[in-house]
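Here's the structure we're looking at; comments come further down.
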Amino acid sequence: MPRPALPVAVLVSGYGSNLQALLDARAAGRLPVDFRLVASDRPEAQGLARARRAGVRAEAVAPGASADRAAWNEALGALLADSGAELVVLAGFMRVLAPELVRAWEGRMLNIHPSLLPRHRGLHTHRRALEAGDRMHGTSIHFVTEELDGGPVVLQARLPVLPGDDPEGLARRVQAREHDVYPRVVRWAAEGWLQWRAGRPWLYDRPLHRPVVV
Ligand code: GRF
């Protein structure tokens, strides 16, 4: 019997091009997931409109609508639980989640970060890679843990920094790679090849000691 589609929730804060790549992969029959929810901390996020266009439930959970940070995390946690998702995919989600929420989704929450982790955690990664004189740059898909941008990396897409690169051009090249690799890793999870066992990722029935590099 074919495996049922994996129920997935996606969190976005902005433009949502990675979300779009996931939606497109699903529409093309290349991603066996069931998008239960797209949620955003920003009601105006274009990602929410992309979800609605694709017929996916889209919800804003604005921090301003909650009494404090703890209440906002609880509201978001309740929405995720209620969605029936078994995997949460962060795609350009710009807020730090409370440790309790991250723990509740241990091994079931992925993020994409635009650098070759552990280099350049945090913001402005493209500018920082250029300033550091890095010869290689790229993007990392990792499991989310309480350590910001610090969870085990599943896959990295690497690309050379070219003479004359500026942060914007570099970001565009990195994002083009992201749109290729994020659906690939989510598909591994949906097909059961990527698992979380005893606090670490496993890929194809082996513990993943270092990221897949493409
Ligand atoms: C991506 O580059 C991702 O790595 C980072 O934020 C950006 C989101 O872009 N976390 P988009 O909203 O998916 O277009």
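The table below lists the values:
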read-out: Single match in 160, 211 (criterion: in contact with a Lys or Arg (Cβ under 9 Å, 6 or more places away or on another chain) and either on the phi < 0 side of the Ramachandran plot or crowded, with 18+ Cβ neighbours inside 10 Å (or both)); value: 160
read-out: Any chance residue 57 is in contact with a strand residue (DSSP E or B) (Cβ under 8 Å, 6 or more places away or on another chain), within 20 Å of residue 112 (Cβ to Cβ) and open to solvent by 70 Å² or more (accessible area, probe 1.4 Å); value: no
read-out: Output for segment 49-92, where each listed residue is touching a residue at least 60 places away in the same chain (Cβ under 8 Å) and of a type in the set (Val, Ile, Thr); value: 88, 89
read-out: Residues of segment 1-43 satisfying the condition of being away from the ligand (no atom under 13 Å from the Cβ) and part of a loop (DSSP other than H, G, I, E, B); value: 1, 2, 3, 4, 5, 28, 29, 30, 31, 32, 43
read-out: Residues of segment 99-114 classified as more than 14 Å from the ligand (Cβ to nearest atom) and more than 19 Å from residue 83 (Cα to Cα), total; value: 1
read-out: Residue match in segment 66-79 (condition: modelled with pLDDT of 95 or more, polar (S, T, N, Q) and in a helix (DSSP H, G or I)); value: yes
read-out: Selection within segment 188-214 - in contact with a Pro (Cβ under 9 Å, 6 or more places away or on another chain) and closer than 29 Å to residue 129 by Cα; value: 200, 201, 208, 211
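Results for (1) small (Gly, Ala, Ser); (2) within 22 Å of residue 153 (Cα to Cα), shown as yes or no for each residue.
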residue	(1), (2)
14	yes, no
24	no, no
43	no, no
114	no, yes
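The values are calculated or read from the model by the stated rules, or taken from the named source; none is laboratory data. This is a predicted model, so every value here is computed, not measured. No Cβ is skipped: glycine too gets one built from the backbone with ideal geometry, and neighbour counts run over all protein chains shown. Please note that ligands, DNA and RNA were not included when accessible areas were found on the heavy atoms of the full protein model with its side chains. Shrake-Rupley method; radii C 1.70, N 1.55, O 1.52, S 1.80 Å.
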